[in-house]
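Read the structure below first, then the notes.
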Amino acid sequence: MGYSVHGPKARTGGQGQGLLPKESLYLIEICKGLFITMRHLVRNVFHMGDMPTLQYPDEKPDYGPWLRGRHRLMKREDGSPRCVACQMCSTICPADCISIMAMDDDRPDVEKSPETFDIDLLRCVYCGLCVEACPCDAIRMDTGIFEIAADNRAAFQVDMDFLLNNTTDGVKS
Amino acid sequence: MAKMTIDGKEHEFEDGMNLFEACAVARGENLPHFCYHPGLSIAGVCRMCQVEVEGMPKLMIACNSQVKDGMVVHTRNERVDGAVRQILNFHLLHHPVDCPVCDQAGECSLQDFYMANGLYEADVDIEDKIAKGKVKPIGEMVMLDAERCVLCARCTRFTTEITQTHEMGIFNRGDHSEIDVAPGKTLDNNYSLNTVDICPVGALTSRDFRFRRRVWWLSETDGICHGCATGCNMSIHHSEGIVYRTKPRDNMDVNRYWMCDHGRTLYHEIAESDRLTQPSVRKARGELAQTASWDHAYRSIEAAGKALGGDDAALMIILSPHATVEELYAAKSVLSDSVGGALLGYRLRGSEIGEGDELLFDADRTPNAAGAKKLGLAEYDAKQLEAAANEKTMLLVVGGDLALAAPDAGAALSKFGCVVYLGWQENSTSMLADIVLPTSHYAEREGTFVNREGRAQTFAAAIDAPGEARDPLRVIRELGALFGHEPTWDGIEAVRSELCAREGAFAAMAQGVGPLGLALDAAAESEVERA
Amino acid sequence: MPDITELLWALGKIGFMLAVILGTLPVMIWAERKGAAYIQDRSGPNRASIGGVFRLGGLIHPLADVFKLVFKEEIVPAGVNVFFYHLAPIIMMTVALSTFAVIPFGDVLLLGTREIPLLVANLNVGILYILAISSLTVYGTVLAGWSSNNKFAFLGGLRASAQMISYEINMGLAVLALILVYGSVRLNDMVVAQGDLLWGFIPAWGVVLQPVGFVLFLVALFAETNRNPFDLPEGESELVAGYHLEYSSLKFALFFMAEYCNMIVGAAVVSTLYFGGWQVPWLTTEGLRENAGTLLTVSLSVGTLLNLLFATGLWRKFQGERGTLGDRRELESGILAVVFLGLALATGGYLLVGKPWDIGPAASAHFATVMQIGQFITKTLLFSWVFIWVRWTLPRFRYDQLMRLGWQYMLPLALLNFVVTAAFVLFTHG
């Protein structure tokens, strides 16, 4: 039952090409198709709970811990950012969405720390390479937040304060 | 000549040539090394450049050996690689591996050699490493981190041999050896940042550049330092339109491997708040200047010319040794020769001369005085300026700062009918000028300087000019058009070829200047000889 | 000169027809979306609600759609032919609605001595009127496509005209065979004729007498209404939206509604021609009137039972949903359960108190009419569902396949069917 788009028969239409006689009558096949769809319909009407659809805002999907959600910055024990502004994340970032300004830190055990740490969530592609690249485990994407929406662009430009306290709720207001 | 074999291939070198250099030529790349530096004496302390010489029972360090006829050298075999790996392990034994916070990361020899020759597991736990001084400012410009040091002694040799200021040394013994400044001293000579350049690791880092940008984001553009008449070759490191640092570019005829701190830190002026970014026009003397469009500024010049008496009005031009050869030529040929402006000269006699030193820093703080002289421009003195000043004359100042050069000049300026200033920085002359036309900085335009030895050196534009600042060449062209003599050239290449054709002193430049510059006098002589 | 009551009755019937069609429209849209969803294992529309309580399984969505379409910005693109651009949707809707005029939705209604035929216009050309009017639809699509000044719309219009003209022939031939069988072009005559029984037990419906004709007619009808698998004029993967691409807001709504109107009209015509129209199988009008008491009792009992069933089911749902949604939507099932319980009580109460098995002759006649109208509406809705069902089952034809099917397969078949029918009629009745 070869079907060749280059063959002369195929070029003239392919009506009934490679079909059995009873299949090329169509009507029986159409009825079979109709019964298939009707079977689905009836099954779904009587077993609504089995439908794979999730009633999304009411029911939340469970993506598990491997979901790459919105980023957060980890803190040291004293509450300051763990980040040392090495900029590995912004270097690896394929979307170029992380921008960091580093500064001298006066604390004896901390030489360098971020002055600003901004992520443009609109540019981010959530690839997680920043998390992989971080030598200090300072940035993670384990917040589980994937509902990132706002009605203005500025809300997506998140800064260090936001990222340090970014664990639960939706958008920066 | 010494015929010898390196890695199985026959080579021929001058007798007595350093084996390290010979290997570099033969291999196409340097041997692994920390301490060897062509500008410094041989220390032989890092042991990284070991090679196998047939007939010798032990491995030799290449940097402290000379080529010899019949020598058979192996730089890449199991024995050499094993030795290099062990030496590297030794160097890294107490290294803190704090690359994330280290500015050297990305241009660090330790990182490079580890990736090329190391790749072993560390032998010492981070807790057991010997702690040394970190984040220690040892001078105005230099930060010391003794833990990262590999004790190559480049910095100590530099302060001993090149600057001869002897600030730095290696203290303590064995594992506890560390570099530091001598007690009571700070590393504050004018060449201190060279120690940062030659430091192969992150032990010495620049406080000026510290944490401002990771080095892998920097692009390099060839530049010429405009801090003095020496014209040190440098590369401008910039990223996204911002210049982050400048580093010396090797040129054995000019600055060798070095550059002074004064020249290195000049780049700050590019982003200073006193940059001129928009034309400004003052309606009347005593009023504040107001920003204007280029169009408005040009129309104001036209109007000022008419107000001064139309055809009777005179034009006087003062050039500056801060302008490039092309700009000086363009100003001279268009504004003076064609338009008919009187050319007063290129600098007030004796101005902008400071104190120089033996090494690089020249007393003449201008980059292109020699170029101006070669164009036949002359110096002038305050009396000439005073005499030229009259209310019917429009004065065009191309670059530089007259009032700073001579306090009297300010008074003389205000006697001109109209003063037009062309420059990139706000200064006392621009404050006095009636119309200010902003131009690009040296890092933002192309050009040629002639240094004190008569060497023409070109530089390229690294970044874009801020605001509405324009290339001075374009402004000169537009001014020529404004005065009714639009030049035939357009663009710096055309100016350059016209310059080479018309000015005999620059004829040799016609074949191009090259990355290391062209000694104009020597070239002219050889030209004559050939003829 | 028709007297004024005649006129009022005619207006009343028109109003009834319009109410039925326009009232069925949102239900059709709902059925389309919900049916598609269930066929595709989705849950479909269920968000829009009234007062945050009543969602009625998505029935509120068509209402929301209406509001949306009414309040959307009305865009008339530059470069359109303004007159025809505005005329096209009017043609579409008018044609769709006026076809209904000749379709009978019940036998005569007895009011005292007055006999009122239950169709708007009892034309003696009945079926020809339908063919004539419905072929005007092509003007709507062609004008819309052409006047929009858009290549896609224009292509859609072209496809629509070619397709409609091609399939009209098959449709006409199928109907012609039917006319031969019934010997009349009056629709009501056809329906009455379908009240007979074949060999005493099979209803003499068109589908039984003309099975091939039925298939041909149904396929042609799909093509005429531009429904899948013949929706090439608006094939969104090829033509964006086809002939109504440049329409927005209410004008788009008119096209949208016209499509569903055409569907309902088509369903009504199919059920009238081939499935006995308002005829209740095995029960003539007289039979209905005589057995009205029994039938009413039975239907009331069944109704009561069904209402009770719904009420308990909804109540269970109400119990199960409690606390899962966290807002007033949880109340819906409970309230609906109470409503159905009330309905059950009403029907049950009437069953016990009203003695439905013993109703008078006038009421019997009315009951028969109601049964027939109900029968007609049920059949129409069923066939409308077939339209939807087919749409979500079959893929779209390619254009050359469409043309080949129409001209090379269906036309010969229709001619053959016509000749065979003619011969049969000639030999049996001749």
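Its Cα gyration tensor gives region B:384-531 an equivalent ellipsoid, and the semi-axes of that ellipsoid, as √(5λ) in whole Å with the largest first, are 32, 19, 16. Could you give log10 I(q)/I(0) at q = 0.19, 0.20, 0.23 Å⁻¹ for region C:292-359, computed by the Debye formula over C-alpha point scatterers of equal weight, without solvent? The computed values of log10 I(q)/I(0) come out as -0.69, -0.73, -0.85. Within the straight-line cut-off of under 20 Å between alpha carbons, the aspartates and glutamates reachable from residue A:32 are A:23, C:41, sequence neighbours fewer than 8 places apart in one chain being disregarded.
Angle of helix B:492-502 to the longest C-alpha principal axis of chain B, folded into 0 to 90 degrees and rounded to 10: 70°. Residue by residue, region C:319-329 carries 3J(HN,Hα) couplings of 4, x, 7, 3, x, 8, 8, x, 8, 5, 4 Hz when phi is fed to the Karplus relation 6.51 cos²θ - 1.76 cosθ + 1.60 (θ = phi - 60°); x denotes Gly or Pro.
Beta bridges assigned by DSSP with both partners in chain B are antiparallel in approximately 65 percent of cases. Sorting A:54-64, B:171-181, B:464-474 by average packing, meaning the other beta carbons within 10 Å per residue, from highest down gives B:464-474, B:171-181, A:54-64. Peptide B:96-105 has a mean of 4 when you count, residue by residue, the C-beta atoms of other protein chains within 10 Å of its C-beta. In whole angstrom, note down how far apart the Cα centers of region A:131-148 and region B:229-253 are. The distance from the Cα centre of region A:131-148 to that of region B:229-253 comes to 39 Å. Take each residue in C:35-41, count the other chain C-beta atoms within 10 Å of its C-beta, and the mean is 6.
Once every DSSP H run of n ≥ 4 in the protein assembly as shown is given -39500 (n - 2.57) and the sum is divided by its residues, what mean residue ellipticity at 222 nm do you get, rounded to the nearest 500 deg cm²/dmol? Mind dumping the intermediate values first?
Working: 39 runs with 455 residues, N = 1134.
That comes out to -12500 deg cm²/dmol.
Quick one: Debye curve from the C-alpha atoms of chain B, no solvent, what's log10 I(q)/I(0) at q = 0.05, 0.08, 0.11 Å⁻¹? For chain B at q = 0.05, 0.08, 0.11 Å⁻¹, log10 I(q)/I(0) is -0.27, -0.63, -1.00.
For region A:36-76, heavy-atom accessible area (probe 1.4 Å) falls by no less than 50 Å² from the chain alone to the full protein assembly at A:37, A:38, A:41, A:51, A:55, A:58. For residue B:134, the lysines whose Cα comes closer than 30 Å to its Cα, not counting residues fewer than 8 places off in the same chain, are A:75, A:112, B:185, B:247.
Rg over Rh for region A:64-165 works out to 0.96, both radii taken from alpha-carbon positions and Rh defined as the Kirkwood radius.
The distance linking region C:1-41 with region B:78-152 is 86 Å (Cα centroid to Cα centroid, whole angstrom). Sequentially through region B:371-378, phi angles give Karplus couplings (6.51, -1.76, 1.60; θ = phi - 60°) of x, 5, 4, 5, 7, x, 7, 10 Hz, Gly and Pro residues having no value and appearing as x. Residue-normalised convex hull volume from the C-alpha trace of region A:44-108: 170 Å³ per residue. Taking amide H as placed 1.01 Å from N in the peptide plane, the amide H of residue A:112 sits under 5 Å from that of A:105, each at least 5 places away or on another chain.
Relative to the globular-protein estimate of 2.2 N^0.38 Å, the Cα radius of gyration of the protein assembly as shown stands at 1.50. In terms of distances greater than 31 angstrom between alpha carbons, the cross-link table entries B:373/B:415; B:306/B:374; B:58/B:132; C:34/C:317; A:60/C:251 yield B:306/B:374; B:58/B:132; A:60/C:251.
Using the Cα gyration tensor of region B:317-390, with a ≥ b ≥ c the square roots of its eigenvalues, what is the shape: rounded (a/c below 1.5), prolate (a/b larger than b/c) or oblate (neither)?
Working: a/c = 3.47, a/b = 1.51, b/c = 2.30.
Verdict is oblate for region B:317-390.
Cross-link partners of residue B:283 among aspartates and glutamates, defined as those whose alpha carbon lies under 19 angstrom from its own and excluding same-chain residues fewer than eight positions apart: B:295, B:302, B:391, B:426, B:434.
Report, to the nearest 10°, how far helix B:520-530 tilts away from the longest principal axis of the Cα atoms in chain B, using its own Cα long axis and a range of 0 to 90°. Taking Cα atoms only, the helix is inclined about 90 degrees.
From Cα pairs below 8 angstrom and at least 6 apart in sequence, can you work out the relative contact order of region C:292-359, rounded to a whole percent?
Details: 63 pairs, mean separation 35.6, N = 68.
Answer for region C:292-359 is 52 percent.
Every Cα-Cα pair of region B:154-303 was included, and the share exceeding 27 Å stands at 43 percent. Shape call for chain C from the C-alpha gyration tensor, a ≥ b ≥ c root eigenvalues: rounded (a/c under 1.5), prolate (a/b greater than b/c) or oblate? Judged from the Cα gyration tensor, chain C comes out oblate (a/c at least 1.5, b/c at or above a/b).
Taking every DSSP beta bridge that has both residues in the protein assembly as shown, what percent is antiparallel when rounded to the nearest 5?
Numbers: 64 of 86 bridges.
If I count the DSSP bridges inside the protein assembly as shown, around 75 percent turn out antiparallel.
Backbone amide hydrogens, once placed in the peptide plane, bring residue B:256 within less than 5 Å of B:251, excluding anything fewer than 5 places away on its chain. Seen against the Cα atoms of chain B and their longest principal axis, helix B:78-92 is set at about 70 degrees.
Computed from phi, the 3J(HN,Hα) profile of region C:13-21 under the Karplus parametrisation 6.51, -1.76, 1.60 (θ = phi - 60°) reads 5, 4, x, 4, 4, 4, 4, 4, 5 Hz, with x in place of Gly and Pro.
How would you classify region C:53-129 from its alpha-carbon gyration tensor, with a ≥ b ≥ c the square roots of the eigenvalues: rounded for a/c under 1.5, else prolate if a/b is greater than b/c, otherwise oblate? Oblate is the answer for region C:53-129, as a/c is 1.5 or above yet b/c matches or exceeds a/b. Only protein atoms count toward the accessible area here, which uses a 1.4 Å probe; on the protein assembly as shown, the carbon and sulfur part of that area reaches 59 percent. Each peptide in C:76-88, B:512-524 was scored by the mean count of other Cβ atoms within 10 Å over its residues; highest first, the order is B:512-524, C:76-88.
Whole number please: convex hull volume per residue, Cα atoms of region B:96-196, in Å³. Display every interim value, and only then the final one.
On the way: hull volume 12.3 nm³, N = 101.
With only Cα atoms used, region B:96-196 gives 122 Å³ per residue.
The values are calculated or read from the model by the stated rules, or taken from the named source; none is laboratory data. Keep in mind that what you see is a predicted model, and the values were worked out from it rather than measured. Because the Cβ atoms are built from the backbone with ideal geometry, glycine has one as well, and the counts that use them run over all protein chains shown. Accessible surface is based on the protein model in full, side chains and every heavy atom, while ligands, DNA and RNA are left aside. Shrake-Rupley method; radii C 1.70, N 1.55, O 1.52, S 1.80 Å.
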